[in-house]
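Here the structure is laid out as structure tokens; the discussion comes afterwards.
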Amino acid sequence: MVNLQSKLFTSLTADIDKYLTNSDLKPWKNSLRSNSYAEGFLALLSHKDINIIMTAQGYNTFNEWLFDVDNWSQKLLDPRNEYGKGAMVLYELWDVFRNNIMDAIRTARLHTNIPNRGGILAFVGGLSKCIVIEYLITSDYPRFTIIDVIDNPQSAFDFWGTISNAAMAAKNVLKEIISTGHKIILHRGILMHVDRRKDFQVFGPSVDTILLAEIQAQLFYENNLSKKRVLEIGCGNGLLSVSVAKYMVALNKIHSIDVNFHSIFCLYNNLSINITQHLLKKLDIYLTYGEFSNKFPNEKFDLIICNPPYIPNEPTVPEYLNKKVDYYQAVGGTELIAEILNNLDNLLSDDGELLLLVSNLSLDYTLNLIPYNYNYKLILENGHKVLFDVEAVLKKESWLNFLLTECDLIEENNLFYHNIYPILIKK
Ligand SMILES: C[S@@+](CC[C@H](N)C(=O)[O-])C[C@H]1O[C@@H](n2cnc3c(N)ncnc32)[C@H](O)[C@@H]1O
């Protein structure tokens with residue numbers, strides 16, 4: 001993700017430099033506090049002097065500092081101690097991050113049934129770190145503890161992956177968090193809540209979703225590129241739609257559609273958690289339950305976002321898959337990709353763009369379907385490697401073998417991986 005560093009972070013980094021040399025913290029502090037999509041840890045983690053800053057605080061790494069951040073900030077606030085400017089930068093980043101989480105949890109409690117005690121996965125630093133946090137609400141202000149930091153997470157909701165590496169005490173906390181059935185994810189000031197028991201078969205947020213949300217932030221919000229009319233096809237949990245509604249300043253209208261009824265409710269809840277009443281009233285928001293096909297015969301959009309099902313089917317589709325049961329609908333088959341690409345002229349305005357995510361399993365298929373009058377750009381040239389842990393496939397040996405032998409699914413140490421590719425398509 002480092003190659004996607006863009007203006008905001010360049011300026012944030014420049015401001016960190018400036019602060020380290022001439023003690024002017026204000027511009028940087030203001031930009032961080034006034035844009036909740038701004039993500040200070042990304043600037044810090046990609047800063048050339050991060051090691052110097054950490055060593056000056058007595059830590060070898062960012063993770064080490066983060067695990068001890070409560071102690072560290074106690075000492076910092078003791079007027080008898082003297083700390084350098086690097087410490088003030090760190091404190092500011094930490095304070096913004098902590099306040100973001102506290103506000104998000106408090107607001108979410110007003111709108112949903114999230115429990116008093118649970119876990120949050122906070123994705124920071126592009127996609128370079130996932131901070132596993134336990135929160136506990138006993139009074140107005142939630143308390144929270146950092147349980148683990150996963151570097152370069154290859155799977156979202158990676159609690160299971162985390163458990164095997166975590167310290168004994170953390171293992172128990174993680175197991176308890178999983179058993180609640182509540183999935184809570186924080187990314188760039190947006191808190192997403194999915195209640196696994198109520199939001200039946202709702203997809204994500206997965207690592208794909210967070211990658212796309214990060215790309216939306218870096219491509220559009222940080223560059224002040226705003227679109228007026230946006231369509232998300234297959235909204236699932238809704239992170240991508242919520243982020244557009246919250247951060248795309250010129251937005252008039254967003255339309256989100258999904259064939260899973262529960263997704264529409266999940267998105268509705270997550271809009272209420274993250275978007276103010278004022279903004280909700282200002283925007284035209286349409287939530288549609290149903291199949292995408294032929295739903296938009298007379299409408300054009302300036303941006304279409306889609307994280308479609310992208311796993312190719314075996315040549316002979318087993319009977320049970322034809323019935324579109326369980327999770328298969330969210331991940332299996334490539335028909336939706338074809339349907340969208342075949343309809344681009346009808347769907348996109350003249351300078352409209354499609355941001356589409358596919359896997360190396362279906363990349364060639366997708367590129368071949370792009371109409372001749374459109375250009376495409378692979379935003380990450382070599383893709384982003386993630387765990388392939390799709391139950392529906394892993395349970396079906398013939399499908400798995402087909403993907404391994406015909407579609408370049410990667411097998412390493414008894415685990416499967418694939419590369420995901422965000423693609424921007426426009427005229
Ligand atoms: C891979 S999930 C992505 C969900 C979400 N946008 C995300 O990124 O986390 C694909 C979503 O597309 C929906 N879907 C699949 N086929 C569809 C169709 N023909 N019309 C509308 N939605 C569809 C599924 O129900 C699922 O929620």
- Query: Using a Förster distance of 35 Å, how high is the FRET efficiency between S349 and L279, based on the Cβ-Cβ distance and rounded to 0.05?
  - Reply: 0.90
- In a Gaussian network model of the chain with springs linking alpha carbons closer than 10 Å, the residue among Q218, Q329, Q277 that fluctuates most is Q277
- Query: Pick from P312, P153, P79: which residue has the top mean-square fluctuation in a GNM of the chain where Cα pairs under 10 Å get a spring?
  - Reply: P79
- Quick one: work out the % antiparallel among DSSP beta bridges in segment 202-426, nearest 5. 45 percent
- With θ set to phi - 60°, apply the Karplus curve 6.51 cos²θ - 1.76 cosθ + 1.60 along segment 125-136 and write out the HN-Hα couplings as whole Hz, x wherever there is a Gly or Pro. x, x, 10, 7, 9, 10, 9, 8, 10, 9, 10, 9
- Message: Tell me the angle of helix 168-179 to the major Cα principal axis of the chain, expressed in degrees between 0 and 90 and rounded to the nearest ten.
- Response: 40 degrees
- Item | the chain: angle of helix 7-22 to the longest principal axis, Cα-based, in degrees nearest 10 | 10 degrees
- For the chain the mean separation of alpha carbon contacts under 8 Å (6+ apart) over residue count, i.e. relative contact order in percent, is 11 percent
- Any idea what angle helix 397-406 forms with the longest principal axis of the chain, computed on alpha-carbon atoms, 0 to 90 degrees, nearest 10? 90 degrees
- Task: Would you work out the relative contact order for segment 202-426, in percent, from Cα pairs under 8 angstrom that are 6 or more residues apart?
- Result: 19 percent
- How about segment 50-128: which GluC sites (Glu not before Pro) there lie in a loop by DSSP and see at most 13 other Cβ atoms within 10 Å? E82
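Of the peptides 38-44, 174-180, how do they stack up when ordered by the mean number of other Cβ atoms within 10 Å, highest first?
38-44, 174-180
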- Packing-ranked peptide list from 122-129, 243-250, 362-369, 280-287, highest mean Cβ count within 10 angstrom first, is 122-129, 243-250, 362-369, 280-287
- Message: Nearest 5 percent is fine: what portion of the DSSP beta bridges confined to the chain is antiparallel?
- Response: 60 percent
- Note on the structure: Residues whose built amide H sits under 5 Å from the amide H of H255, excluding neighbours closer than 5 in sequence, are V230, L231, E232, Y286
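Only Lys, Arg, Asp and Glu count, each charged at its Cβ (+1, +1, -1, -1), so figure out the dipole size of the chain about its Cα centre, rounded to 20 debye.
I would put it at about 1360 debye.
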- Build a GNM of the chain with springs between Cα atoms under 10 Å: which of E353, E291, E222 gets the top mean-square fluctuation? E291
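Please compute the contact order of segment 261-390 in relative form: average sequence separation of alpha-carbon pairs under 8 Å and at least six residues apart, divided by the residue count, as a percent.
28 percent
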- Fully extended, how many nm does the chain gain between N99 and E335 (0.36 nm per residue separation, minus their Cα-Cα distance)? 80.7 nm
- Query: With each run of n ≥ 4 DSSP H residues scored as -39500 (n - 2.57), what mean residue ellipticity at 222 nm is computed for the chain after dividing by its residue count and rounding to the nearest 500 deg cm²/dmol?
  - Reply: -11500 deg cm²/dmol
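Since every read-out is calculated from the coordinates, none of them should be taken as a lab result. Because the structure is predicted, anything quoted here is derived from the model rather than measured. Neighbour counts are summed over all protein chains in view; Cβ atoms, including those assigned to glycine, are modelled from backbone coordinates with ideal geometry.
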